[in-house]
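To start, the structure itself, in structure tokens.
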Amino acid sequence: MGFKKQKNVIQDQTAEEDHKREQRDNVFRQKVALQQFMNHNVPLFRAFANKGVRTKDILKGEVLAQLVTNAIKLATLTAAHIHGCDPSEIDAAQARPFRYPAAEWVAAHWTTGKLLDIPDAARQIAGVAVLADRKWDHDPFNDGNKVSSNTWIVITAANVAAALFDCVSNYDFRQGTEKVFEIMIETVISEAERNAPAMLPAGATQDDVQNLTQTLANNMSSLMQACYDQKAREVLKAIRGKPETYRLDYLAKTKPLEAICNNFREWAACVAGMSILSAKRLNDVKPDHQAVARNYAPAE
């Protein structure tokens, strides 16, 4: 092989390696951005679902934006207490570990209508956090924490089952606990598996898809729980004190389990779609837009 030809081959190989490296970097940044959005904000969406708010209504006004803003402020102030500095000195990485508990705190106060005192909440969260054993610290977005492809689906199913067990055990709409449990787990996991590939850009590996599927399933299980609890309250209120024949007829006509699954799918699509938009703003990484359009077209 001539020197010029050999040089061209080396250049082509280098360009291909650079392309693959850039592609892997895009996939990683997209995956982390998606996971962070869900892990940081799903408690807020769960609160909406639990109160019976429709997905199409959450962007009306500025309720969601205000809740997100409050959660960010609370996480930042908590981090400032932990690090012993002014909140203006806290960056996103330092506030990140407190985004989930902050969102939970904000969601709980919004759901109950209690006044949110952010400075007081920050002091309480920080007071608990400093008691934690540092050996449990870990990065949930680190690929080093992944499990083998043979066990990931088992772990995911177990996490989903644990999240849904209590609500199904309390009331099963006369369908049988085992049947309801199976339908709910299957619905959550199938939605996670359907959405994950379309949310990642070109070059995503099976491990990437599985890792994101786990995040989706874990977060979606809390959405399913909220949808289930909301419908259970609605049904029990409607049939309480009614004759048995009325109760059976009501359950047969309203098909509450089917309604729960349909409502859940709307919320799952909403969260997945907003996760993509958030990640795109952060990274300008483009997933498969045709698949996204199919999966996240707004419901009529």
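The values are calculated or read from the model by the stated rules, or taken from the named source; none is laboratory data. Because the structure is a prediction, the values reported are computed rather than measured. When we count neighbours, we look across all protein chains shown, and the Cβ atoms used for this are built from the backbone with ideal geometry, even at glycine. Protein only, heavy atoms only, side chains kept; ligands, DNA and RNA dropped before computing areas. Shrake-Rupley method; radii C 1.70, N 1.55, O 1.52, S 1.80 Å.
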Original post:
Shape of the range 202-276 from its Cα gyration tensor (a ≥ b ≥ c, root eigenvalues): rounded if a/c is under 1.5, otherwise prolate when a/b > b/c, or oblate?
Top reply: prolate
**OP:** Report the label-to-label distance for residue 120 and residue 233 in nanometres (one decimal), using points 7 Å from each Cα along the Cα→Cβ vector.
**Re:** 2.3
**OP:** Sum up the charges of everything whose Cβ sits under 13 Å from the Cβ of residue 268, counting Lys and Arg as +1 and Asp and Glu as -1, but leave residue 268 out.
**Re:** 0
Original post:
Tell me, what is the per residue accessible area of the range 194-236 in Å², probe radius 1.4 Å?
Top reply: 30
Subject >> Residue order for 246, 228 - accessible surface, 1.4 angstrom probe, largest first >> reply: 246, 228
Original post:
Can you run phi through the Karplus equation (6.51, -1.76, 1.60; θ = phi - 60°) for the range 221-236 and list ³J(HN,Hα) in whole Hz, with x for Gly and Pro?
Top reply: 5, 6, 5, 4, 4, 5, 4, 5, 4, 5, 5, 4, 4, 4, 5, 4
**OP:** For the range 79-113 and the range 161-224, write down the distance between their C-alpha centroids in whole Å.
**Re:** 27
Original post:
With a sphere of radius 13 Å drawn around the Cβ of residue 166, what net charge do the other residues whose Cβ falls strictly inside it have (Lys, Arg +1; Asp, Glu -1)?
Top reply: -2
**OP:** Measure up 60/253; 179/231; 179/253; 56/280 against 23 Å on the Cα-Cα distance and list the ones that go over.
**Re:** 60/253
Original post:
With a sphere of radius 15 Å drawn around the Cβ of residue 107, what net charge do the other residues whose Cβ falls strictly inside it have (Lys, Arg +1; Asp, Glu -1)?
Top reply: +3
